[in-house]
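Engineer: The structure follows.
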Amino acid sequence: MLKNTLLLLLIGIAANCLAQNQIIINADQGAYTINKHIYGHFAEHLGRCIYDGFYVGEGNTKIPNTNGVRNDIVDALKKLKIPNLRWPGGCFADTYHWKDGIGPKDQRPTIVNTWWGGVTEDNSFGTHEFLNMCELLGTEPYLSGNVGSGTVQELSDWVQYVDFKGVSPMSDLRAKNGRTDPWKVRFWGIGNEAWGCGGHMRPEYYADEYRKYATFMNASWGNERIFRIASGASSGDYNWTEVLMKNIPRNLLEGVALHHYSVIDWGNKSSATDFTTQQYFTTMQRAIQMEELVNRHSTIMDKYDPDKRVALVVDEWGGWYDVEPGTNPGFLFQQNTMRDAMIAGVTLNIFNNHADRVRMANLAQTVNVLQAVVLTEGEKMILTPTYHVMEMYNVHQDATLLPLDLKTGDFEIDGQKLPALSASASRDAAGKMHISLVNIATGAPQEVIIDIRGANASKAACRILTSAKIQDHNTFDHPDKIKPVKYEDFVLSGDKLKVKVPPISVLVFEIQ
């Protein structure tokens, strides 16, 4: 009798576990495209992101480069398929005067980067260097215009300088500086964090400033116009979005930005590598908050823009910790662990699942700053766990979002709970289905049943990114400690995919 009771209890526990972790994918109901620009990146004149990161100078003979841009970084980012790159800031954008960065380099004026480290900026990396680098990378540039300390004329001239093909003062100046054809820059940010480092403006004031700047930014190629992005809210400042959507006419607005960082506490951000499980849990709370932020900002946008013509552009997101010991506090250099892989996987799933409104995003930042995908040290370069997540996920770019229902167990610490699993799914142009699955929980694996409806699945393959500890990371001495590998602990039977998802792991399935 006791044996039978124990057996029934174990069966009940197993059934309950399976019921907690279930995904239903409606493979025949896709309506939205996951815009590839969700997978964008960010390069600010900050610390070692541009100088001693992307750009090592044309005269550098130790590090292989093309016109001063590191070849190994170019190769790595091409594999990542980065769709766009935001520049020159960030806070730096609203102190940047673009004409300082054109013409002969020995004649370019220097300035002090008052936002980041108080270092001297020599303007050797300017408009031509950045836009030519974007061509080298095969990515679209996203230029952040100076509203805080600039003028309407200055930004209007920049648009003309990079985008106008005919005869004009600015296109003539471009030709004089060595570039005959325009670059055709599509994405333009009108100021950055206008509520803070961009001028500490009230939303009503910024909305009027935006209207003025946007009016004088004119460029188009056939039926395609430039894509103007308003400086948007900080995290949960819903009033900012409300005021902008209410007061800016739709014919002047293509996108509204949103910035949100996964920060434990701005006064005590924690070490990037030496952190507790509780600190990890709190970081993931902040990351998962992105779901609420996207939902609520989107609801406000829906009120004024029910046809969803205006994109929500999350052009700064990622983890933010204390800088590495011994480095300049203003350079924001931090290591990148499996915690960052969890942030990336969960956040990208949220963006994918809100593809109807989120159509562009930019991880902060690309090289040597915050949640970077690449770290450099002299001639050495390493790829971070975040890099590997974004490489695994690039199969979702421009694919059809497949709606799914997720039932998940909890990741629990001291009575606090978070959903353990996160997922998104898509079908690409070749008909292949991809499922990205994240388990943020520490401890035991999660058993998951994925019910694939509306498709005939015959075979599956999987890659996984995981490590023994959430603090694990790649170093210059051990650059491949964490990298994706083939994973086979799953069974596909008919329309059911059963998989054991290890703790702190990211999985991407290809289903045919």
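Engineer: What order do you get for 281-288, 312-319, 267-274 when each peptide is scored by the mean count of other beta carbon atoms within 10 Å, highest first?
Structural biologist: 312-319, 281-288, 267-274
Engineer: Can you compute the FRET efficiency between His478 and Asp265 using 1/(1 + (r/R0)^6), with r the Cβ-Cβ distance and R0 = 30 Å? Round to the nearest 0.05.
Structural biologist: 0.45
Engineer: Right, another one. Output wanted: per-residue J couplings in Hz (rounded whole) for the range 171-180, from phi through Karplus 6.51 cos²θ - 1.76 cosθ + 1.60, θ = phi - 60°, x for Gly and Pro.
Structural biologist: 5, 5, 5, 4, 5, 4, 8, x, 10, 7
Engineer: Kindly flag which residue pairs out of Lys78/Lys165; Lys269/Lys500; Lys62/Lys483; Lys105/Lys481 have an alpha-carbon separation exceeding 30 Å in this structure.
Structural biologist: Going by Cα-Cα distance, Lys269/Lys500; Lys105/Lys481 fall outside the 30 Å limit.
Engineer: While we're here: Quick query: amide H of Val501 versus all other amide H atoms, modeled in the peptide plane; which residues come in under 5 Å with a sequence gap of 5 or more or a different chain?
Structural biologist: Placed amide hydrogens put Gln446, Glu447, Val448 under 5 Å from Val501.
Engineer: Here's a follow-up. Multiply the residue gap between Lys498 and Arg202 by 0.36 nm, knock off their C-alpha separation, and tell me the result in nm, one decimal place.
Structural biologist: That works out to 101.4 nm of additional length.
Engineer: Rounded to the nearest 5, what % of the DSSP beta bridges within the chain are antiparallel ones?
Structural biologist: 60 percent
Engineer: Quick one: length gained pulling Thr61 to Thr442 fully straight, 0.36 nm per residue minus the C-alpha distance?
Structural biologist: Roughly 132.6 nm would be gained on extension.
Engineer: Here is a follow-up. Treat the count of other C-beta atoms within 10 Å as a stand-in for reagent exposure and order Thr61, Thr400 from fewest to most.
Structural biologist: Placing the least packed residue first, the sequence is Thr61, Thr400.
Engineer: Something else: Rounded to the nearest 0.05, what FRET efficiency is calculated for Asn239 and Arg453 with R0 set to 35 Å and r the Cβ-Cβ distance? Walk me through the numbers before you get to the answer.
Structural biologist: Working: r = 41 Å, r/R0 = 1.17.
Efficiency computed from Cβ-Cβ geometry: 0.30.
Engineer: Quick one: Met170, Met342, fewest Cβ neighbours within 10 Å first, how do they rank?
Structural biologist: Sorted ascending by nearby Cβ count, the order is Met170, Met342.
Engineer: Roughly speaking, what is the stretch gain from Ser149 to Asp489, that is 0.36 nm per residue apart minus the C-alpha to C-alpha distance, in nm to one decimal?
Structural biologist: Separation in residues times 0.36 nm, less the Cα-Cα distance, equals 116.8 nm.
Engineer: Could you work out how far helix 71-80 tilts from the main Cα principal axis of the chain, as a 0 to 90 degree angle to the nearest 10?
Structural biologist: Long axis of 71-80 versus the principal axis of the chain: about 50 degrees.
Engineer: Could you put His473, His128 in order, starting from the residue whose Cβ has the fewest other Cβ atoms within 10 Å? Walk me through the numbers on the way to the answer.
Structural biologist: Numbers: His473 23, His128 18.
Going from least to most buried by this count: His128, His473.
Engineer: Round to a whole angstrom and tell me the spacing of the C-alpha centers of the range 406-464 and the range 310-359.
Structural biologist: Their Cα centres are 21 Å away from one another.
Engineer: I've got another one for you. Quick query: amide H of Glu140 versus all other amide H atoms, modeled in the peptide plane; which residues come in under 5 Å with a sequence gap of 5 or more or a different chain?
Structural biologist: Asn84, Leu85
Engineer: Determine which lysines satisfy two conditions relative to Lys246: a Cα distance under 23 Å, and not lying fewer than 8 residues away in the same chain.
Structural biologist: Within the straight-line limit of under 23 Å, Lys246 reaches these lysines: Lys212, Lys303, Lys308.
Engineer: Can I ask one more? May I ask you to order 230-241, 31-42 by the average number of other C-beta atoms within 10 Å around their residues, highest value first?
Structural biologist: 31-42, 230-241
FYI, it's all coordinate maths here, none of it is from the lab. Just so it is clear, the structure is predicted and the values come from calculations on it, not from any experiment. Glycine also receives a Cβ, built like all others from the backbone with ideal geometry; neighbour counts cover every protein chain displayed.
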